[in-house]
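Undergrad: Structure incoming, see below.
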Amino acid sequence: MRERLYELLLGNQGTLSTADIILNFLIAGVIAAIIYLSYKISHHAALYSRKFNVSLVMLTLITTLVMNVIGNNIALSLGMVGALSIVRFRTAIKDPRDTAYIFWAIAVGICCGVSDYLIALIGSVIIFAFLLLFGVLRDGERTLIIVHTNGEMSEVRNGVENFLDKKVSLLVQNSTPETGDGEMIFECAGAELMKQEQAKGSLQELLSKTAGVKRISIVRQEDEVHQ
């Protein structure tokens with residue numbers, strides 16, 4: 001029994017052949033390309049980072065490399081966990097989906113590293129399908145309406161809410177008593193704003209007729225600004 005445990009700890013069971021290693025990396029590369037395309041489609045303008053997207057591909061291949069080295073060697077796997085546990089990553093995550101993409105890349109690398117191609121492929125297809133199902137492959141829903149005024153803020157708020165049929169939220173309201181200047185930031189769905197503008201005309205034109213309004217900005221998630 002003791003000898004068997006010693007073999008499990010120090011032995012390198014199930015060593016991969018050269019053909020198996022190459023196949024692992026090829027399959028990992030193909031699925032990493034799918035992850036790359038998925039990330040590129042689902043992020044636009046200021047949210048999209050090509051460097052981060054390339055790092056997802058590299059993360060998939062590196063994880064595959066690590067799994068190829070570890071194999072079934074328990075001692076080596078424990079040593080690898082100990083070595084990686086001292087590494088700290090301080091890169092800020094801009095979008096919560098980025099974390100999901102990181103885990104997706106790592107999971108694919110693990111599966112390909114142990115030659116479980118079917119799990120990696122089916123899992124990636126299901127994840128991609130859920131992205132489509134929940135509609136996160138297209139951004140642009142979040143729209144900010146920023147109004148600078150030195151008039152009555154309640155009048156501006158009523159105008160925006162009536163224009164959008166109350167489907168809008170007031171995020172920020174700032175005012176300067178000394179000068180009478182104020183700023184209001186509203187949030188609404190981009191599709192709703194487009195719908196109402198097609199039926200009622202431009203929101204900017206409506207607000208510009210309100211007393212005291214000095215400047216109007218509409219900021220969409222694609223980083224487009226209309227003034």
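The values are calculated or read from the model by the stated rules, or taken from the named source; none is laboratory data. As the structure is a prediction and not an experimental result, all values here were calculated from the model. Reconstructed Cβ throughout: ideal geometry from the backbone, glycine too, with neighbour counts over all protein chains shown.
Undergrad: For the stretch 188-211, name all the residues that are in contact with a strand residue (DSSP E or B) (Cβ under 8 Å, 6 or more places away or on another chain), in a helix (DSSP H, G or I) and either of a type in the set (Phe, Trp, Tyr) or farther than 14 Å from Val147 by Cα (or both).
TA: Across the stretch 188-211, the qualifying residues are Gly190, Leu193.
Undergrad: Please verify whether Phe130 is at pLDDT below 85 and of a type outside the set (Val, Ile, Thr), treating the condition exactly as stated.
TA: Working: at pLDDT below 85: yes; of a type outside the set (Val, Ile, Thr): yes.
Yes, satisfied.
Undergrad: So, one more: Please find, within the stretch 177-207, the residue that is nearest to Lys40 (Cα to Cα) out of those that are modelled with pLDDT under 80 and surrounded by fewer than 15 Cβ atoms within 10 Å (Cβ to Cβ).
TA: Per the criteria, the residue is Ala191.
Undergrad: Something else about it: Scan the stretch 147-187 for residues that are farther than 14 Å from Ile216 by Cβ and part of a strand (DSSP E or B) and jot them down.
TA: Scanning the stretch 147-187 gives Ser169, Leu170, Leu171, Val172, Gln173, Asn174, Ser175, Glu187.
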